[in-house]
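Below is one structure, written out as structure tokens, with a few remarks after it.
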Amino acid sequence: MLTTMFADPVVWGSLLGIFIIVVMMGYYTYLFMHNSADEDK
């Protein structure tokens with residue numbers, strides 16, 4: 001079951017897309033908080 005799931009390219013595409021979205025969200029959240037902190041000083 002697990003090996004067939006990881007052998008499916010569609011699963012890898014979905015995981016890659018989710019991973020990219022999470023990374024981008026975290027990156028922009030970090031930039032937003034960092035810029036806000038700089039402006040408050």
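Does any residue in segment 21-33 that is in contact (Cβ under 8 Å) with a residue 40 or more places away in the chain and of a type outside the set (S, T, Y) come within less than 7 Å, Cβ to Cβ, of a residue that is surrounded by 10 or more Cβ atoms within 10 Å (Cβ to Cβ) and in a helix (DSSP H, G or I) six or more places away or on a different chain, and which pairs are these?
From segment 21-33, no pairs qualify.
Of the residues V23, V11, which single one is in a helix (DSSP H, G or I) and at pLDDT below 95? Outline the logic, then answer.
Numbers: V23 fails: at pLDDT below 95.
Every option except V11 fails the conditions.
The values are calculated or read from the model by the stated rules, or taken from the named source; none is laboratory data. This is a predicted model, so every value here is computed, not measured. We place every Cβ from the backbone using ideal geometry, glycine too, and count neighbours over all the protein chains shown.
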